[in-house]
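The values are calculated or read from the model by the stated rules, or taken from the named source; none is laboratory data. Since the structure is predicted, the reported quantities are computational estimates derived from the model, not experimental observations. Please note: Cβ atoms are built from the backbone with ideal geometry, for glycine as well, and neighbour counts cover all protein chains shown. Just the protein is used for accessible areas: all its heavy atoms, side chains included, with ligands, DNA and RNA removed. Shrake-Rupley method; radii C 1.70, N 1.55, O 1.52, S 1.80 Å.
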Amino acid sequence: MKGRTFLVSNIHVLAAARDASFKTVTGKTVVLPDVVFVSEKRDLAIVPIEWRGDRLDVSSSLSFDEVAIGDNITVMGNSDAAGVTTKLKGEIDGIGPDELEVSAKFVPGNSGSPIVHDKLGTVVGIVSYMRDLSQKDKWTRDSELSDIRRFGFRLDGDIQWQQLTLSGLQKQGEAYAEFEERTYLLAQTIYMLKDRNTIMTGYVSHDSLGYLFEPFEKNFSWRRGLASANNKVKLDRFVDGLDRELVNDQSSTQKTLSSGYYKARYKEINEIREHYKKELKRVSF
């Protein structure tokens, strides 16, 4: 790309690859410097490397190369993270300004894999994510589209690259992943508490939120109801604790994130947080 050689992957892959090592299929080590360029909007990360071996060329323009829906493609990658190079054949099912949809049945572990145009022999996209659309409604029941749809991001066009240190990207990725996981756990807990009067004590071992569930491991039972003063005290303290946890990492996470990509994802997750803050205020005992 642009006359230089890069290791290309997804932001979500490299951000979770602290202390990872990189090797070719022939066992040669690829050394990564502590610098990475990440897309502001696409799940793309490129690392400049010193490399004299084989590499793939990137299509500089899908329009100029006349890449079209129906063209045959191959996804090369590490399916199921099994440690072997795999080849998945398919076609281009859809083309958007930033993304491609393909029929090659890639799976988790293939993230960051190149989507190679069979005729051109160039990379036209990078595998990123799947969407499960198997739950049909009356409007989609007769759709000809696959239940599992697979997408990758284009490497051509107007991409705004942001330079970061690789270690800094990993710090951001870890902060965002923790924020996302805590949001999911809090949402599940509030849902169960509000609609089913249940405390999911299986979370007692959680690294950052387990302390909230410890009081329910002894001298508590839903069968005793709120007539028990002990039950009510524990539940009130639990709700207060949830309320604190819903706000205490928002500021710190936001300060950690400088990547446009992670800022956008944080905004989406934070909207879910705000929804559950409101839901928590409706819980009373």
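Odds and ends about this structure:
- Largest mean-square fluctuation among 35, 58, 84, in a Gaussian network model of the chain whose springs join Cα atoms under 10 Å apart, belongs to 84.
- A simple charge model with +1 on the Cβ of Lys and Arg, -1 on the Cβ of Asp and Glu and nothing else charged puts the dipole of the chain at about 980 debye relative to its Cα centre.
- Estimated dipole of region 31-93 in Debye, rounded to 20 [Cβ of Lys and Arg +1, of Asp and Glu -1, Cα centre]: 180 debye
- Answer label, with Cα Rg over 2.2 N^0.38 Å calculated from the coordinates and candidates [x] 1.32; [y] 1.02; [z] 1.23: [z]
- For trypsin sites (Lys or Arg not before Pro), the sites in region 217-285 that DSSP calls loop and that have at most 15 other Cβ atoms within 10 Å are 218, 282.
- With Cα atoms, 0 to 90° folded angle of helix 260-281 axis to the chain main axis: 20 degrees
- Accessible heavy-atom area order of 190, 148, highest first, probe of 1.4 Å: 148, 190
- Pairwise label distance in nanometres, residue 258 with residue 191, each label 7 Å out on the Cα-Cβ vector: 3.6 nm
- Farthest toward positive dipole pole in region 167-285 [+1 Lys/Arg, -1 Asp/Glu at C-beta], among 254, 222, 241: 222
- A Gaussian network model of the chain, with springs between Cα atoms under 10 Å, assigns the largest mean-square fluctuation among 23, 136, 89 to 136.
- Taken one residue at a time, the phi angles of region 171-182 give Karplus couplings (6.51, -1.76, 1.60, θ = phi - 60°) of 4, 5, x, 5, 5, 5, 4, 5, 4, 5, 5, 5 Hz. Gly and Pro are set to x.
- Chymotrypsin sites (Phe, Trp or Tyr not before Pro) restricted to DSSP loop in region 65-171 with at most 16 other C-beta within 10 Å: 139
- Solvent-accessible surface of region 171-285, taken per residue with a 1.4 Å probe and all protein chains present: 58 Å².
- Within region 103-209, GluC sites (Glu not before Pro) in DSSP loop having at most 16 other beta-carbon neighbours inside 10 Å: 144
- For region 13-58, a crude dipole built from +1 on the beta carbon of Lys and Arg and -1 on the beta carbon of Asp and Glu, taken about the Cα centre, is about 120 debye to the nearest 20.
- Between 0 and 90°, nearest 10: helix 229-248 axis offset from the chain longest Cα axis: 30 degrees
- Pairs of Cα atoms nearer than 8 Å and 6+ residues apart set the relative contact order; for region 89-201 it is 21 percent.
- Top of 210, 152, 94 by mean-square fluctuation, Gaussian network on the chain, Cα under 10 Å: 210
- Farthest toward the positive end of the dipole of the chain, out of 37, 177, 152, is the Cα of 177, where the dipole comes from beta carbon charges about the Cα centre.
- Residues residue 203 and residue 167, FRET efficiency given R0 of 30 Å [Cβ-Cβ distance, rounded to 0.05]: 0.45
- Accessible surface of the chain, 1.4 Å probe, proportion on carbon and sulfur as whole %: 49 percent
- Distance from region 143-197 to region 16-86 (C-alpha centre basis), Å: 20 Å
- If the chain linking residue 160 and residue 283 were pulled fully straight, counting 0.36 nm for each residue of separation and taking away their Cα-Cα distance, it would gain 39.8 nm.
- Farthest toward the positive end of the dipole of the chain, out of 103, 117, 191, is the Cα of 191, where the dipole comes from beta carbon charges about the Cα centre.
- Prolate/oblate/rounded label for region 61-187 (Cα gyration tensor, a/c 1.5): oblate
- The chain, helix-only ellipticity at 222 nm - DSSP H runs n ≥ 4, -39,500 (n - 2.57), divided by all residues, nearest 500: -10000 deg cm²/dmol
- Shown in residue order for region 94-108 are the 3J(HN,Hα) couplings computed by the Karplus curve 6.51 cos²θ - 1.76 cosθ + 1.60 at θ = phi - 60°: x, 10, x, x, 10, 10, 10, 10, 10, 8, 4, 7, 6, 9, x Hz (x for Gly and Pro).
- Its relative contact order, with pairs defined as Cα atoms under 8 Å and 6+ residues apart, puts the chain at 18 percent.
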